[in-house]
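Every read-out reported here was derived from the displayed coordinates using simple, explicitly stated rules and does not represent laboratory data. Computed from a predicted model, the values in this text were never measured in an experiment. Cβ coordinates were reconstructed from backbone atoms using ideal geometry, including for glycine residues, and neighbour counts include every protein chain displayed.
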Amino acid sequence: MKIDIQQIEHLAKLAKISLTEAEKNRFAKDVTSIIDYFDQLNEINSSKFVIPTEPALSEVERVEGSQILNKVGEPFHSDEPKNLFSTDKTLAEAPELEANQIKVKAVFDR
Amino acid sequence: MKKQKNISIRSLHEGLLNGEFTATNLVVDFFKKIKKDDKKINAFISLCEERALIKAGEVDEQIKNKVKINLLAGIPVAIKDNLLVEGLKCTAGSKMLTNYVAPYSATVIERLEKAGAIIIGKTNMDEFAMGSSGETSNFGTTKNPLDQKKVPGGSSSGSAAAVAADMAVFALGSDTGGSIRQPASFCGLVGLKPTYGRVSRHGLIALSSSFDQIGPLTRSVEDSAIVFENIAGPDNFDSTLADEDVSVLSHLGASLKGQTVGIPKEFFVAGMDEEIKKKTEETIENLKSLGLKIKEISLPLSKYSLAIYYILMTAELSSNLSRFDGVRYGFRADNETLLEMYEKTRAMGFGDEVKRRIILGTFVLSSGYVDAYYRKAQKVRELIRAEFKNAFKEVDYIITPTSPCLPFNLGEKFNDPLTMYLSDIYTVSANVVGIPALSMPIGEIKNLPVGLQIMGDFYHEKEILNLASQIEKI
């Protein structure tokens, strides 16, 4: 499948990255060749197969093999507030602060 | 620059206990070496000499007071620059995080430091761990210490180079599709990617969360086992972790009699360097002397692992990297509107490969394509898992080369993303499935190291480290 410049522009918009014309051209070419490589998956018929992790499909037969999912330990810990990160150190990383709050341009037009 | 074979964690530990040298001596020596050689190699992005000397002083004090110390106490370690160490810069090899200072430490760092290991610096890496050569770093390319015209492999390029050049005793890396094992192979080291769910990723800058795993790059299998025991095991901050026994050291040297090694025929086909193939087959032949049975197996779907990997990995990273938007930390490009700020920040803060993969990941998740790519890949991933699970009913280990090629020249594959991606072809399966895998050196071709990959069943680090320790002695 050929990915054209318009598709790259659409994807860049979704990903919130502005691209130069040179990048758009290059990525259109690169992404096309990589997706051609991905298309080898069309050789596999997986239409009857369901993803074991999808709860809505729990009634359907599952393929064994997702050992990762049933071997995990206790995934939850007690919900107690702890001081893990220093507020000062964390805020010190923000590009712009005002009154100890992270400052950005307005989200909505006035 | 030949690496010093005689350095081992255990021998240094004994030297410290016997008073042959102090932890401070060790740190001073390693910094001398770094200052002398790293201008050429570029393994480190930042160093922390003052901090290391303070920590070494603490270990020396403990030794003086006859406090029982861990094997890792006083041992200099290099840390991949995507692992947070409180108070130190953590760049992930990106312009986006050039000045980012970690406000807390990763769980693996806390564990290493609790054991007394001395962090000496943060190592160079492909930007956000996206690369197989170290060349996508925003902090310059790292050279392979064994041949400076060659890449050290990636993405844990600096971690591998630092150990291979004797600038650290061991290093931590992260492995999403081979980023520990391939540089270990290229630099003649042992690299372990533990089972998915073994080592906490808390404090690791995420690439792709269903693949990422942290592990050691070491000179020997025993060193690898020592580090693994110290970093593995449950942690409240990573819910994927299994409560499985992490002891491996005591198992090294256990009998292998009656066990079976599987050789997947699909891995030994076109695309593999003939000499690597020969070297691997020689090693496999030698395994019989250890009492092992060799069996050819078939993993027909494994040839799709690379496509599956690049679909799911880019999908996950396109989501994970959305946090780099110039708001809370890292680089911000100033602009008129909030949206322009996001778009410019990401345009200026990310390098070429990162942008390419974000675009790819956005594509495979986008409306109209998500079923054909993302969901299809998830399904095939489960089918590949089932295939490996079945294989481990017949065999105890699966052996392949780590890399289809020898360390390649700097710049050789840089402008062809797909060719670069193909260098991960043997390593990605272990990440797709979630099983542990180790790369170890098995000799040289044209003075360049060749790596052997050993994969084992889930949580079988003990078994693969044992096999590796015995291959090491052949």
Practice problem: Please report, largest first and rounded to whole Å, the three semi-axes of the ellipsoid equivalent to the range B:111-164, where each semi-axis is the square root of five times an eigenvalue of the C-alpha gyration tensor. | Solution: 22, 13, 8
Quiz item: How big is D, in µm² s⁻¹, for the range B:343-390 by Stokes-Einstein at 20 °C and 1.002 mPa s if Rh is the Kirkwood radius over C-alpha pairs?
Solution: 169 µm²/s
Quiz prompt | Cα pair distances exceeding 20 angstrom across the range B:162-228, given as percent | solution = 22 percent
Exercise. Express the Stokes-Einstein translational diffusion coefficient of the protein assembly as shown in µm² s⁻¹, to the nearest whole number, given a Kirkwood radius over alpha-carbon pairs, 37 °C and a viscosity of 0.692 mPa s.
Key: 135 µm²/s
Quiz item: Given q = 0.15, 0.16, 0.22 Å⁻¹, what are the Debye log10 I(q)/I(0) values for the range B:1-126, with equal point scatterers placed on the Cα positions and solvent ignored?
Solution: -0.71, -0.81, -1.33
Quiz prompt | Distance violations [Cα-Cα > 18 Å] among A:13/B:344; B:89/B:122; B:303/B:393; B:265/B:303; B:277/B:473 | solution = B:303/B:393; B:277/B:473
Exercise. Sum -39500 (n - 2.57) across every DSSP H segment of at least 4 residues in chain B, then divide by the residue count to get the 222 nm mean residue ellipticity, nearest 500.
Key: -11500 deg cm²/dmol
Exercise. Filter the chymotrypsin sites (Phe, Trp or Tyr not before Pro) in the range B:17-48 down to the DSSP loop ones having no more than 16 other Cβ atoms within 10 Å, then list what survives.
Key: B:21
Quiz item: Rounded to a whole number, what is D in µm²/s for chain B from Stokes-Einstein with the Kirkwood radius over alpha-carbon pairs (37 °C, 0.692 mPa s)?
Solution: 148 µm²/s
Exercise. Using a/c under 1.5 as the rounded threshold, could you call the range B:218-310 rounded, prolate or oblate? The axes a ≥ b ≥ c are square roots of the C-alpha gyration tensor eigenvalues, and prolate needs a/b larger than b/c, oblate otherwise.
Key: oblate
Quiz prompt | Ranking of B:130, B:420 by count of other Cβ atoms within 10 Å, fewest first | solution = B:420, B:130
Practice problem: For a label point 7 Å from the Cα of residue A:40 along Cα→C-beta, name the residues of the range B:403-426 whose backbone N is under 13 Å from it. | Solution: B:418-419, B:421-426
Quiz item: Which percentage, to the nearest 5, of the DSSP beta bridges contained in the range B:9-251 is antiparallel?
Solution: 65 percent
Practice problem: With both partners inside chain B, how many of the DSSP beta bridges are antiparallel, as a percent to the nearest 5? | Solution: 65 percent
Exercise. Between residue A:33 and residue A:87, with labels modelled 7 Å along Cα→Cβ, what's the label distance in nm to one decimal, could you check?
Key: 5.3 nm
Quiz prompt | At least 27 Å along the helix axis (C-alpha) and Kyte average at least -1.0, DSSP helices within chain B | solution = B:376-394
Practice problem: Quick one: order B:403, B:157 by neighbouring beta-carbon count within 10 Å, fewest to most. | Solution: B:403, B:157
Self-check item: Cβ-based exposure ranking for B:11, B:210, B:439, B:200, in which fewest neighbours within 10 Å come first
Solution: B:11, B:210, B:200, B:439
Quiz item: How many times 2.2 N^0.38 Å is the alpha carbon radius of gyration of the range B:87-129?
Solution: 1.24
Exercise. For the range B:336-398 and the range A:2-35, compute the distance between their C-alpha centroids and round to whole Å.
Key: 16 Å
Practice problem: Give the cross-link partners of residue B:143 among the aspartates and glutamates, using a straight C-alpha distance below 17 Å as the criterion and excluding same-chain residues fewer than 8 apart. | Solution: B:37, B:38, B:81, B:126, B:127, B:135, B:166, B:412
Practice problem: Express in whole angstrom the spacing between the alpha-carbon centres of the range B:156-170 and the range B:233-312. | Solution: 24 Å
Practice problem: Quote the FRET efficiency, to the nearest 0.05, computed for residue B:65 versus residue B:11 with a Förster distance R0 of 22 Å and r equal to the Cβ-Cβ distance. | Solution: 0.45
Quiz item: Counting DSSP beta bridges with both partners in the protein assembly as shown, what percentage is antiparallel, nearest 5?
Solution: 70 percent
Self-check item: Alpha carbon convex hull of the range B:9-251, volume per residue in cubic angstrom
Solution: 113 Å³
Quiz item: Given the alpha-carbon gyration tensor of the range B:374-474, what are the semi-axes of its equivalent ellipsoid in whole angstrom, ordered largest first, with each equal to the square root of 5 times an eigenvalue?
Solution: 25, 23, 8
Quiz item: Using a Förster distance of 30 Å, how high is the FRET efficiency between residue B:251 and residue B:298, based on the Cβ-Cβ distance and rounded to 0.05?
Solution: 0.55
Quiz item: Could you give me the ³J(HN,Hα) list for the range B:255-261, computed from phi with Karplus coefficients 6.51, -1.76, 1.60 and θ = phi - 60°, whole Hz, x at Gly and Pro?
Solution: 4, 10, 4, x, 7, 10, 9
